[in-house]
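Here's the structure, in structure tokens; my notes come after.
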Amino acid sequence: MRWHRTVKNDFFSKPYVLRCNKPYFIAMHASFSSEFFGFCSWTIFTLLGKSWRYSFHGNRRKNPHYNSMRKTIYCFWHSQLLMFAYGFRHCNMTTVVSASSDGDKATAIAKRWGQNTIRGSSSKGGLTALRQCLRLLKNNRNLVLIPDGPKGPREIVKPGIAHIALTSRSPVVPLTARAHRAWRLNSWDRFVIPKPFSTIDITFHDPVPVADNDTVESSNDRITYLIQQALSNGHKS
């Protein structure tokens, strides 16, 4: 779709047509908006995050800051995304982010915190994202999946994470975070923003292993259930 406007050129005394590709203009505007939003959010959350105090619990060897065990899938609830994104910045991890306008904004923030992203979800770009996830794990890299993202249902593990774990033969490490003082947004996930100088407890739960004889057909439901139990019980504690 194209639109144009006729402009009079006084020098040649002839009109000429100024043309603009409207979809391209809209895409450029959306990209600029996402980058601007990302920069503003990154600035605010970085200043806020400098006041937070992190306390780590559970198996500290699974901490991505010094985790020697690669080819690992980390997962946590969507509402806790900010606490993990800031706490694990510059850890050379890759997170799957939806191919939406919200995903554009999240990607802009993640890049400034030294994190890589794979774009896609079950509703858009899922097959491409799946292939990139499997390739990443095959190269012994760590992957972050948010099992109730990008739009819920809230705190319900979708079967996709178990499918990726079983296909790649990778263990899943559930993570939970709790801020002692925080705001909760009125969003579908009740997104958590810790208040200034709040203490954040991060718990590394035992990995959900994938046995050699496990298959997607036989073990997908079991792996999904174990991840659900770890995240739900840790969230309540």
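The values are calculated or read from the model by the stated rules, or taken from the named source; none is laboratory data. Just so you know, these numbers come straight off a predicted model, no measurement behind them. Virtual Cβ from ideal backbone geometry, glycine too; neighbours counted across all protein chains shown.
Note on segment 1-99: enclosed strands (runs of 3 or more DSSP E) holding 3 or more residues that are surrounded by 10 or more Cβ atoms within 10 Å (Cβ to Cβ) and modelled with pLDDT of 80 or more are 53-58, 73-75, 94-97. Number of residues in segment 148-185 that are crowded, with 16+ Cβ neighbours inside 10 Å, basic (Lys, Arg) and closer than 30 Å to Ser51 by Cβ: the value is 1.
Cβ separations smaller than 6 Å between residues 6+ apart or across chains give the following pairs from segment 106-124 residues that are modelled with pLDDT of 90 or more to residues that are of a type in the set (Phe, Trp, Tyr): Ile109/Trp42; Arg112/Trp42.
A count restricted to segment 89-119 and to residues that are more than 18 Å from Trp42 (Cβ to Cβ) and either within 10 Å of the chain's Cα centre (by Cα) or hydroxyl-bearing (Ser, Thr, Tyr) (or both) stands at 6.
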